[in-house]
Amino acid sequence: MKEKKNKNLIKVLLRLLPGTMRPAPLLFLAFAVVTVCHGVSWGVETVMQQRFFDQAAAMAEGRVSLGAAFAALGFLGLANVGCQVLNGAGNFLPDVLGSKVLGYQSKEIHEKIARLSPVVFEDTGKLDDINKAEAGKENAFWFVCDFTALLTFYIPYFLFMGWYLFSLKPILAVVIVIIFLPTALAQLIRMKAFSGLEDESAPVRREYEHYEACMVSREFFRETRLLGGFSYFKRLYLEALDLMQRLKYKASMKSNLFELSMRILTVAGYVGILFLLFDALMKGEVSVGAFAAVFNSLGMLYSIMEEIICRHISNMAQNMGSIQNYLNFLDLDERECGQDEAPGWGDIALTDVSFSYPGAEADAIREVSFTLKKGETLAVVGENGSGKSTLVRLIAGLYDPKSGSVMRNGTDTRTLSMRALTARTSAVFQKFQRYQMTLGENIIISDRLRHCGDEELDQVCGMAGVDKEDEVFLCGYDTMLSREFDGVDLSGGQWQRTAIARGFFRDHDLIILDEPTAAIDPYEETRIYNRFAEIARNKSAVIVTHRLGSVKLADRILVMSKGRAVQIGTHEELIAREGEYKRLYEAQEQWYQEG
């Protein structure tokens with residue numbers, strides 16, 4: 001998808017505003033009302049200061065009583081207390097609102113990911129988009145908060161102060177605009193610089209995060225240390241981190257130098273206000289109270305102006321790139337929903353199916369045609385890179401073919417939703433998940449709405465070779481499978497058997513085993529496949545394996561080579577003629593005999 005580069009602040013705000021208001025509309029409204037009152041309160045305090053100083057001067061001259069001066073002091077005190085209370089509320093409400101909005105945004109991102117086609121995760125560009133979205137979601141929330149503060153706090157404050165200064169001397173109000181513009185221009189330059197930085201840094205960030213994981217994550221650290229790879233990954237990590245820092249330095253230097261020149265102009269404007277104010281006092285155009293009030297307020301006025309430009313607008317400018325990436329992610333093309341009603345169980349027919357991965361020049365699958373018959377067990381064999389795993393993903397409906405069709409009982413898988421495609425399908429893949437949960441939860445997660453007892457778990461565990469009485473399972477099915485949560489860790493083979501039990505547990509008409517026994521010895525593999533043959537009876541099943549000694553249980557065998565289906569038939573039919581299957585089988589048969 002071509003990235004959208006629209007940086008129009010108003011359009012971005014209108015796009016983000018519904019997602020910020022929806023989780024807590026009353027809380028957002030309260031935040032807006034409080035900030036309006038807060039902005040006006042600082043202006044009111046300035047007026048109260050003038051009133052107090054004028055009353056104090058008049059009392060010293062004997063023109064008003066002491067009570068009038070104390071009354072003015074009381075109003076000033078109330079105005080100041082009101083400012084502080086509203087300031088606290090204005091700082092507190094965004095934090096409470098943020099916890100709700102960020103949770104909503106995380107849910108929105110995960111729901112979006114669920115609607116994407118699984119092939120998206122084979123595209124590094126789309127993975128960058130997901131990475132950018134995670135980085136941009138929090139910035140998106142604070143962008144809305146900052147923009148809301150501009151509209152509800154800063155604009156009311158400056159309008160009030162502009163009216164007040166104009167009423168004293170019109171030229172004073174004009175100078176506020178003059179000192180504002182240079183700094184605002186500097187932030188536009190910063191926006192452009194950091195927007196480009198986010199686009200450049202996303203792939204670099206994924207790189208160093210991966211190298212960091214290779215050094216310290218539980219998944220990698222044993223092999224990394226055993227093979228002496230820590231120093232190598234450390235070097236790659238530091239190189240990627242150095243590149244990231246150089247990109248940031250380049251963007252920061254460009255924007256900061258321009259901002260420095262603009263700040264010099266702003267300070268000049270500040271000095272100009274002081275001169276005009278002093279001149280007005282000397283000419284009697286403003287009272288002593290007005291001079292004192294404005295003089296005291298200038299620091300506040302200047303600091304608020306710096307806050308709005310150098311903090312809020314700067315943050316919005318600096319984060320605009322990641323915010324736009326968050327929006328770009330939400331605009332990614334989704335897999336068409338399709339019908340939710342699954343077709344009846346029947347044949348799965350592939351006709352001239354071709355498929356290529358994103359960015360790949362060659363097809364991974366080329367013009368494959370065959371039919372998986374209802375209730376048939378099909379074994380898919382072939383060398384590495386022959387297209388076996390890609391083929392089963394097409395059969396399962398995870399990938400849509402580039403050309404040709406995959407029909408389930410006469411229904412094209414492109415017209416079905418993911419819910420319909422996965423409703424009666426189970427699978428165990430070579431790269432299975434190791435969930436940090438109990439043994440029982442690791443199994444029943446494949447069909448979590450299904451209620452079962454230990455007897456049913458015993459049955460599927462027996463088929464998969466999982467023995468809950470094994471000493472490693474200290475609490476049976478309640479054993480926590482994670483050392484990080486005071487549990488135990490399993491061997492590779494034990495994890496693999498648990499994953500197979502998870503696949504067996506799911507109620508299914510079609511089950512796919514994509515090389516799930518790689519960490520299990522051939523004898524145990526044979527026992528598992530024999531048990532699998534029992535549960536696959538009268539169901540459709542696909543087995544992908546490198547070990548041809550176990551494929552005899554299949555009704556038919558499909559042989560893949562360089563993305564093409566080159567042979568299909570029973571073991572006896574294929575072994576009786578020269579071809580790819582006989583070559584592979586005889587090579588492995590010799591290996592088994594030598595073993």
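The values are calculated or read from the model by the stated rules, or taken from the named source; none is laboratory data. Since we're looking at a predicted model, the values are computed, not measured. No Cβ is skipped: glycine too gets one built from the backbone with ideal geometry, and neighbour counts run over all protein chains shown. The area values use the complete protein model at the heavy-atom level, side chains included, leaving out ligands, DNA and RNA. Shrake-Rupley method; radii C 1.70, N 1.55, O 1.52, S 1.80 Å.
For a quick size check, give me the Cα extents of region 337-483 along its three principal axes, largest first, whole Å.
51, 34, 28 Å, listed from the longest principal axis down.
Counting only residues 5 or more places away or on other chains, whose amide H sits under 5 Å from the amide H of Ile512 once H atoms are built in the peptide plane?
Ser426, Ala427, Val428, Val542
When only DSSP loop residues count, what GluC sites (Glu not before Pro) in region 17-109 have their Cβ near at most 12 other Cβ atoms within 10 Å? Each step should come with its number before you reach the end.
Values: sites: Glu45, Glu61, Glu108; in loops: Glu61.
Here the GluC sites (Glu not before Pro) that fit, given the DSSP loop and packing criteria, are Glu61.
Take the Cα of Lys402, step 7 Å along the line toward its Cβ, and report every residue of region 335-371 whose backbone nitrogen sits under 15 Å from that point.
352-368, by backbone N distance to the label point.
Hull surface divided by four, with the convex hull built on the Cα atoms of region 261-393: how many nm²? Could you put the intermediate results ahead of the total?
Numbers: hull surface 73.0 nm².
Mean projected area for region 261-393: 18.2 nm², to one decimal.
Between Asp95 and Arg225, how high is the FRET efficiency from 1/(1 + (r/R0)^6) when r is the Cβ-Cβ distance and R₀ = 41 Å? Nearest 0.05. Can you show the working numbers first?
Numbers: r = 41 Å, r/R0 = 1.01.
After rounding, the FRET efficiency stands at 0.50.
For Ile264, what accessible surface area do you get with a 1.4 Å probe? Give it in Å², rounded to 10.
110 Å²
Distance from the Cα centre of region 9-38 to that of region 475-511, in angstrom?
Answer, in whole Å: 46.
If you take the square roots of the eigenvalues of the alpha-carbon gyration tensor of region 418-500 and sort them as a ≥ b ≥ c, do you get rounded (a/c under 1.5), prolate (a/b over b/c) or oblate? Can you show the working numbers first?
Working: a/c = 1.72, a/b = 1.47, b/c = 1.17.
Note, shape of region 418-500 comes out prolate.
Tell me which lysines have Cα within less than 19 Å of Lys539's Cα, excluding those fewer than 8 residues away on the same chain?
Answer for Lys539, where 19 Å is the Cα cut-off: Lys373, Lys374, Lys552, listed by chain and number.
Which angle between 0 and 90 degrees, to the nearest 10, do you get for helix 492-505 versus the longest principal axis of the chain when only C-alpha atoms count?
It is inclined by approximately 90 degrees.
With r defined as the distance between the Cβ atoms of Trp163 and Met282 and R0 fixed at 25 Å, what FRET efficiency is calculated, to the nearest 0.05?
Working: r = 24 Å, r/R0 = 0.96.
Efficiency computed from Cβ-Cβ geometry: 0.55.
So which trypsin sites (Lys or Arg not before Pro) in region 202-281 end up in coil per DSSP with only 14 or fewer other C-beta atoms within 10 Å? Walk me through the intermediate numbers first.
Numbers: sites: Arg205, Arg206, Arg218, Arg222, Arg225, Lys234, Arg235, Arg246, Lys248, Lys250, Lys254, Arg263; in loops: Arg218.
For trypsin sites (Lys or Arg not before Pro) across region 202-281 that sit outside H, G, I, E and B with at most 14 neighbouring Cβ atoms in 10 Å, the list reads Arg218.
Compute and list, largest first, the equivalent-ellipsoid semi-axes of region 4-136 from the alpha carbon gyration tensor, each √(5λ) rounded to a whole angstrom. Provide the component values of the computation, followed by the final result.
Details: eigenvalues 568, 41, 20 Å².
Calculated on Cα positions only, the semi-axes equal 53, 14, 10 Å.
Cut-off 18 Å, label point 7 angstrom out along Cα-to-Cβ of Leu27: give me the residues of region 65-104 whose amide nitrogen falls inside.
Inside the label zone: 88-104.
Enumerate the calculated ³J(HN,Hα) couplings along region 31-40 in order (Karplus 6.51 cos²θ - 1.76 cosθ + 1.60, θ = phi - 60°), each rounded to whole Hz, writing x wherever the residue is Gly or Pro.
Each residue's phi maps through the Karplus curve to give 4, 5, 5, 4, 5, 4, 4, 5, x, 5 Hz.
For an R0 of 35 angstrom, estimate the FRET efficiency from the Cβ-Cβ distance between Asp352 and Asn384 and round to the nearest 0.05. Present the calculation step by step, with values, prior to reporting the outcome.
Numbers: r = 25 Å, r/R0 = 0.71.
For R0 = 35 Å, the calculated efficiency reads 0.90.
Over the Cα atoms of region 209-250, each weighted equally, I'd like the Debye log10 I(q)/I(0) at q = 0.28, 0.33, 0.34, 0.35 Å⁻¹, rounded to two decimals.
-0.86, -1.05, -1.08, -1.12
Output the Kirkwood hydrodynamic radius of region 450-595, Cα pairs only, in Å rounded to one decimal.
Details: mean 1/r = 0.0583 Å⁻¹.
So the Kirkwood estimate lands at 17.1 Å.
Can you list, largest first and rounded to whole Å, the semi-axes you get for the chain by taking the square root of 5 times each eigenvalue of its Cα gyration tensor? Mind showing how you got there, number by number?
Values: eigenvalues 974, 129, 100 Å².
Its equivalent ellipsoid spans semi-axes of 70, 25, 22 Å.
Mind listing the long-range amide H neighbours of Thr438? Cut-off is under 5 Å, sequence gap 5 or more, other chains count too, H placed in the peptide plane at 1.01 Å from N.
Sorted by chain and number, the residues that satisfy this are Leu481.
Calculate one ³J(HN,Hα) per residue across region 208-216 by plugging θ = phi - 60° into the Karplus curve 6.51 cos²θ - 1.76 cosθ + 1.60, and present them in order as whole Hz with x for glycine and proline.
6, 5, 5, 5, 5, 4, 4, 7, 10
Using θ = phi - 60° and the Karplus curve 6.51 cos²θ - 1.76 cosθ + 1.60, what whole-Hz ³J(HN,Hα) does each residue of region 253-270 get, with Gly and Pro shown as x?
Each residue's phi maps through the Karplus curve to give 4, 4, 6, 5, 5, 5, 5, 4, 5, 5, 5, 4, 5, 5, 4, 4, x, 4 Hz.
Only loop residues by DSSP count here, and only those with at most 14 other Cβ atoms within 10 Å; note down the trypsin sites (Lys or Arg not before Pro) in region 1-86 that meet that.
Numbers: sites: Lys2, Lys4, Lys5, Lys7, Lys11, Arg15, Arg51, Arg63; in loops: Lys2, Lys4, Lys5, Lys7, Arg63.
Taking region 1-86 and a limit of 14 other Cβ atoms within 10 Å, the loop trypsin sites (Lys or Arg not before Pro) found are Lys2, Lys4, Lys5, Arg63.
Compute the distance in nm between two label points, each set 7 Å from the Cα along the Cα-to-Cβ direction, one at Arg63 and one at Arg335.
8.1 nm
What is the spread of the Cα atoms of region 261-313 along each of their three principal axes, largest first, in whole Å?
Here the spans come out as 38, 20, 10 Å, largest first.
Please compute the per residue accessible area over the chain with all protein chains in place, 1.4 Å probe, rounded to a whole number of Å². The partial results should precede the final answer.
On the way: 29590 Å² over 595 residues.
Heavy-atom SASA per residue in the chain reads 50 Å².
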